[in-house]
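The values are calculated or read from the model by the stated rules, or taken from the named source; none is laboratory data. The shown structure was predicted, so the numbers you read here are calculated from the model rather than taken from an experiment. With ideal geometry, Cβ positions are generated from the backbone for all residues, glycine too; neighbour counts draw on all protein chains shown.
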Amino acid sequence: MKLSLKKIWQDNFSRGTLILTVVSIGGAALNYLVHPILTRRLSVTEYGDFQALLSFVTILVFVGAVIQTTLTKEIALLKDTNEGAISILSKRVTRTLWLVGVVVFIVVAFSAPSLTHFFNINSQFGIILVSAILMYLAPLLVNRAILTGLQRFSDLSLSTFLEPAFRLLLIVLLVIVWPLRLTGAAIALGGTSLLAFIISYFQIKKLNLARSTNNPSFFKPVVSYGLLVLWFTVLTQFFFNFDILFVKANFDAQSAGLYGALLTIGRIIFFIGSAIPLAMFPVIANLKKDTSLKKFKVFVQAMGFSLILTVPIASFIAFFPELTIRIIVGAKYLSMASYLPLMTVVFFLETILIVVGQYFLALSRRLSLVYLSFGVLAEIIFLIYFHHTIPEIIFTLIFIFGILDILLFILFIKDYQRASLALRN
């Protein structure tokens with residue numbers, strides 16, 4: 001047993017997965033301490049507005065996620081071929097993205113009246129406050145890309161953990177101590193990553209990255225792969241956020257707030273398993289040109305970790321919906337208890353989808369993105385016709401995500417069979 005545990009710890013992927021998983025669980029716990037506070041301190045309508053603001057800021061910064069994922073793969077490749085070029089790449093990207101972030105923040109600030117009307121949010125100031133994250137997001141994402149690409153999972157874990165910790169602190173100060181209600185929650189969203197950025201700055205400085213003597217060109221490979229990442233990120237952010245915005249636009253404020261509470265609980269499943277694709281991605285990226293079956297084994301290992309983490313928590317939520325609602329969001333949301341087991345199925349399928357999707361993204365497998373694109377079109381079409389009740393929306397999501405998971409697993413099996421045949425020949 002000791003030998004087995006030692007072997008697991010010596011494997012960088014397994015060790016990184018364990019570290020990130022423990023931190024993710026701690027971070028998820030802190031993230032979800034926010035919601036019992038907000039559901040008890042805000043009205044149902046205000047909480048619905050908070051969920052819309054949360055989805056808005058997620059959509060707003062999705063390009064940042066594109067940049068981080070793209071840089072992670074490039075840095076993972078440079079780690080073995082030209083580590084000195086990492087410093088040059090990070091400085092170029094940081095300068096450019098910081099300027100873009102400032103410009104976008106100004107545009108959003110001037111567009112706040114139109115955006116609040118479009119998203120049906122009763123706070124123009126809230127839109128501006130959450131958009132403040134753009135002022136420092138770019139350098140944070142670059143720093144995290146470096147830590148992930150170099151597989152510095154311990155440093156990455158600290159930066160990741162500080163984000164929900166600082167958000168919770170701001171919520172306590174601005175919603176409980178000084179009861180600013182929705183405005184305080186919006187400030188917390190806008191400033192939630194600030195401490196993580198400061199810490200990541202010193203982490204990167206401590207690495208003392210070597211500087212390349214030549215002046216390498218990154219534009220073509222980064223942009224080329226970045227377009228694939230952009231495609232993937234747009235699709236996944238759509239899956240995560242379209243339903244709440246759709247409900248907000250088509251249901252009354254009370255129903256939207258109740259549905260937002262369902263999402264809050266269901267997302268526990270995703271956050272618990274979110275460390276898996278994060279640790280898997282740089283490992284798979286390094287194995288893209290590997291002709292052995294190692295990348296398939298890493299994926300199976302990652303999927304095993306994902307099931308071990310998500311099945312127990314999903315089962316608990318599904319079998320004890322009323323207890324879960326009372327603990328996380330409070331008794332005033334109990335009217336949605338009968339829908340919670342179905343919502344756990346939605347997020348379980350979506351979590352699996354992200355793990356498989358990240359695997360194919362690391363390998364630049366475009367066919368997987370085609371499948372996901374058809375999934376987006378299917379979700380839009382189905383929701384247009386089946387959106388009269390909350391159960392109709394939930395069943396639509398289960399159907400779409402279930403079909404997509406099946407298609408991606410079939411693609412994985414075919415790739416494995418092709419690689420096995422090539423090795424035998």
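Values computed for the structure shown
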{"item": "Residue match in the stretch 336-343 (condition: within 30 Å of Leu411 (Cβ to Cβ) and either in contact (Cβ under 8 Å) with a residue 40 or more places away in the chain or not in a helix (DSSP H, G or I) (or both))", "result": "yes"}
{"item": "Filter result (under 30 Å from Leu18 (Cβ atoms) and part of a helix (DSSP H, G or I)) within the stretch 242-275", "result": "Leu263, Thr264, Ile265, Gly266, Arg267, Ile268, Ile269, Phe270, Phe271, Ile272, Gly273, Ala275"}
{"item": "Count - residues of the stretch 249-307 that are of a type outside the set (D, E, K, R) and under 30 Å from Pro36 (Cβ atoms)", "result": "32"}
{"item": "Test: Ala419 is surrounded by fewer than 20 Cβ atoms within 10 Å (Cβ to Cβ), touching a Ser or Thr at 6+ places or on another chain (Cβ under 9 Å) and closer than 18 Å to Thr264 by Cα", "result": "no"}
{"item": "Yes/no for Leu162 being in contact (Cβ under 8 Å) with a residue 24 or more places away in the chain, out of contact with any His (no Cβ under 7 Å at 6 or more places or on another chain) and within 21 Å of Arg144 (Cα to Cα)", "result": "yes"}
{"item": "Residue in the stretch 305-324 that is farther than 14 Å from Leu263 by Cα, of a type in the set (Phe, Trp, Tyr) and within 21 Å of the chain's Cα centre (by Cα) present", "result": "yes"}
{"item": "Some residue of the stretch 322-336 being surrounded by fewer than 21 Cβ atoms within 10 Å (Cβ to Cβ) and among the acidic types (Asp, Glu)", "result": "yes"}
{"item": "Residue that is at pLDDT below 80, of a type in the set (A, V, I, L, M, F, W, C) and surrounded by fewer than 21 Cβ atoms within 10 Å (Cβ to Cβ), where the choices are Ala65, Ala109", "result": "Ala65"}
{"item": "Single unsatisfied condition, Pro341 versus (1) surrounded by 15 or more Cβ atoms within 10 Å (Cβ to Cβ); (2) within 28 Å of Pro282 (Cβ to Cβ)", "result": "(2)"}
{"item": "Unique residue being more than 17 Å from Gly126 (Cβ to Cβ) and not small (Gly, Ala, Ser) when the list is Leu189, Leu156, Leu180", "result": "Leu156"}
{"item": "Index of the failed condition, Trp231 passing every other in (1) closer than 30 Å to Arg41 by Cα; (2) modelled with pLDDT of 80 or more; (3) not charged (D, E, K, R)", "result": "(1)"}
{"item": "Residue match in the stretch 387-396 (condition: touching a residue at least 24 places away in the same chain (Cβ under 8 Å), surrounded by 18 or more Cβ atoms within 10 Å (Cβ to Cβ) and touching a Pro at 6+ places or on another chain (Cβ under 9 Å))", "result": "no"}
{"item": "Lone unmet requirement of (1) closer than 30 Å to Phe299 by Cβ; (2) modelled with pLDDT under 75 for Val22", "result": "(2)"}
{"item": "Single residue of the stretch 146-159 satisfying the filter (of a type in the set (Ser, Thr, Tyr) and crowded, with 23+ Cβ neighbours inside 10 Å) that is modelled with the highest pLDDT", "result": "Thr148"}
{"item": "Filter result (basic (Lys, Arg) and touching a residue at least 24 places away in the same chain (Cβ under 8 Å)) within the stretch 95-138", "result": "none"}
{"item": "The stretch 262-290, subset touching a residue at least 24 places away in the same chain (Cβ under 8 Å) and basic (Lys, Arg), residue surrounded by the fewest Cβ atoms within 10 Å (Cβ to Cβ)", "result": "Lys288"}
{"item": "Filtered residue count, the stretch 112-171, keeping only those that are outside any helix (DSSP H, G or I) and more than 20 Å from Thr21 (Cα to Cα)", "result": "5"}
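Rundown of residues vs (1) closer than 26 Å to Leu278 by Cβ; (2) surrounded by fewer than 22 Cβ atoms within 10 Å (Cβ to Cβ); (3) at pLDDT below 85, yes/no style:
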{"position": "Thr116", "(1), (2), (3)": "no, yes, yes"}
{"position": "Ile121", "(1), (2), (3)": "no, no, yes"}
{"position": "Leu134", "(1), (2), (3)": "yes, no, yes"}
{"position": "Arg144", "(1), (2), (3)": "yes, no, no"}
{"position": "Leu173", "(1), (2), (3)": "no, yes, no"}
{"position": "Gly184", "(1), (2), (3)": "no, no, no"}
{"position": "Ile198", "(1), (2), (3)": "yes, yes, no"}
{"position": "Arg211", "(1), (2), (3)": "no, yes, yes"}
